[in-house]
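The values are calculated or read from the model by the stated rules, or taken from the named source; none is laboratory data. This structure is a prediction, so every number in the text was calculated from the model and none was measured. Counting neighbours? That spans all protein chains shown, and the Cβs are built from the backbone with ideal geometry, glycine included. Note: accessible area is taken over every heavy atom of the protein model, side chains too, but ligands, DNA and RNA are not part of it. Shrake-Rupley method; radii C 1.70, N 1.55, O 1.52, S 1.80 Å.
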Amino acid sequence: MMIEPLSIRQIKTMSALLVAALALPSCVSLSGKAPTSMLTLSANSTVTAGASYTGLAKDAMVVLVPEVPRKLDTNRVPVQINIGNIAYLKDSVWTDKPAILMRQLLAETLAAKNGTLILSEVETAGKAENYLSGQLVEFGVDESGMEAVAIFDAVRIRKGQPVEKRRFDARNDLTKIEPEEVGEALNVVANKIAEDVATWLSAP
């Protein structure tokens, strides 16, 4: 029987399939690179199960998602290397953008510490008269100072009353700039901001 020789194209195809087959085990190996660290914020003060809040929609508070500068409009953690340079923390991302996580933390803390009825704009059907807004100015790491930094410019808006604005600043020392320690430190400063805002809003 005469065997027809393989064409160059067939040889290349078989070689590609062989390479893919050899590479497959490494793609599913359990000993590969560890997954990226996922950071989140957890409130120190939380609403207990079964707790209920009652009130008129107009008296509820709407906590808006803070505005952020471009460097914070991402799921990554900024590291301020010097006055003109920013990098991002390796092997680590937020579970959501910092502004959204901060909004959730503020809402939970205000409800737990102040007993505030927190509703969304949709839930108030446009009748809300109390808003907490603001800008998350800083939320990351200052390498030169070896500290986690959070700066929040809070804005309180109440119908018929002057708008109030106040800056809140919290810092926590770091011994090393690594995902686990940075995540814990940023959770500390975020909670400090949220608790200070709650104290401010509870004042007569």
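Quickly run through region 85-97 and pick out the residues that are in contact with a helix residue (DSSP H, G or I) (Cβ under 8 Å, 6 or more places away or on another chain), open to solvent by less than 40 Å² (accessible area, probe 1.4 Å) and not hydroxyl-bearing (Ser, Thr, Tyr).
If the condition is that a residue be in contact with a helix residue (DSSP H, G or I) (Cβ under 8 Å, 6 or more places away or on another chain), open to solvent by less than 40 Å² (accessible area, probe 1.4 Å) and not hydroxyl-bearing (Ser, Thr, Tyr), then LEU89, TRP94 are the ones that fit.
So which residues in region 174-204 are part of a helix (DSSP H, G or I), open to solvent by 70 Å² or more (accessible area, probe 1.4 Å) and closer than 22 Å to MET146 by Cα, if there are any at all?
Across region 174-204, the qualifying residues are GLU180, GLU184, VAL188, LYS192.
If the requirement is being on the phi < 0 side of the Ramachandran plot and open to solvent by 80 Å² or more (accessible area, probe 1.4 Å), which of these qualifies: THR74, THR48? If you could, list the steps in order and put the result at the bottom.
On the way: THR74 fails: open to solvent by 80 Å² or more (accessible area, probe 1.4 Å).
Within the list THR74, THR48, the selection yields THR48.
Could you tell me which numbered condition LEU117 fails, if it satisfies all but one of (1) touching a Gly at 6+ places or on another chain (Cβ under 8 Å); (2) modelled with pLDDT of 95 or more?
Failing condition for LEU117: (2).
Hey, any hits in region 98-110 for a residue that's open to solvent by 50 Å² or more (accessible area, probe 1.4 Å) and either touching a His at 6+ places or on another chain (Cβ under 7 Å) or within 26 Å of GLY145 (Cβ to Cβ) (or both)?
Within region 98-110, the first condition is being open to solvent by 50 Å² or more (accessible area, probe 1.4 Å), and the residues that meet it are 100, 103-104, 108.
Restricting the remaining residues to those that are either touching a His at 6+ places or on another chain (Cβ under 7 Å) or within 26 Å of GLY145 (Cβ to Cβ) (or both) gives none.
The answer is no; no qualifying residue exists.
May I ask you to verify whether VAL155 is in a strand (DSSP E or B), aliphatic (A, V, I, L, M) and farther than 15 Å from VAL62 by Cα?
Working: in a strand (DSSP E or B): yes; aliphatic (A, V, I, L, M): yes; farther than 15 Å from VAL62 by Cα: no.
No.
Quick check: is even one residue across region 61-69 in contact with a Ser or Thr (Cβ under 8 Å, 6 or more places away or on another chain), touching a residue at least 24 places away in the same chain (Cβ under 8 Å), surrounded by 20 or more Cβ atoms within 10 Å (Cβ to Cβ) and over 18 Å from ASN191 (Cα atoms)?
Checked region 61-69: at least one residue is in contact with a Ser or Thr (Cβ under 8 Å, 6 or more places away or on another chain), touching a residue at least 24 places away in the same chain (Cβ under 8 Å), surrounded by 20 or more Cβ atoms within 10 Å (Cβ to Cβ) and over 18 Å from ASN191 (Cα atoms).
Say we look at region 125-141 and pick out the residues that are of a type in the set (Gly, Ala, Ser) and not in a strand (DSSP E or B); which of these is least open to solvent (accessible area, probe 1.4 Å)?
Going through region 125-141, the residues of a type in the set (Gly, Ala, Ser) turn out to be 125-126, 128, 133-134, 140.
Narrowing the set further to residues that are not in a strand (DSSP E or B) leaves 125-126, 128.
On the way: ALA125: 77, GLY126: 67, ALA128: 15 Å².
Among residues in region 125-141 that are of a type in the set (Gly, Ala, Ser) and not in a strand (DSSP E or B), the one least open to solvent (accessible area, probe 1.4 Å) is ALA128.
Of all residues in region 36-84, which are out of contact with any helix residue (DSSP H, G or I) (no Cβ under 8 Å at 6 or more places or on another chain) and not in a loop (DSSP other than H, G, I, E, B)?
Hits for region 36-84 are MET38, ALA57, LYS58, ASP59, VAL62, ARG70, LYS71, VAL79, GLN80, ILE81, ASN82.
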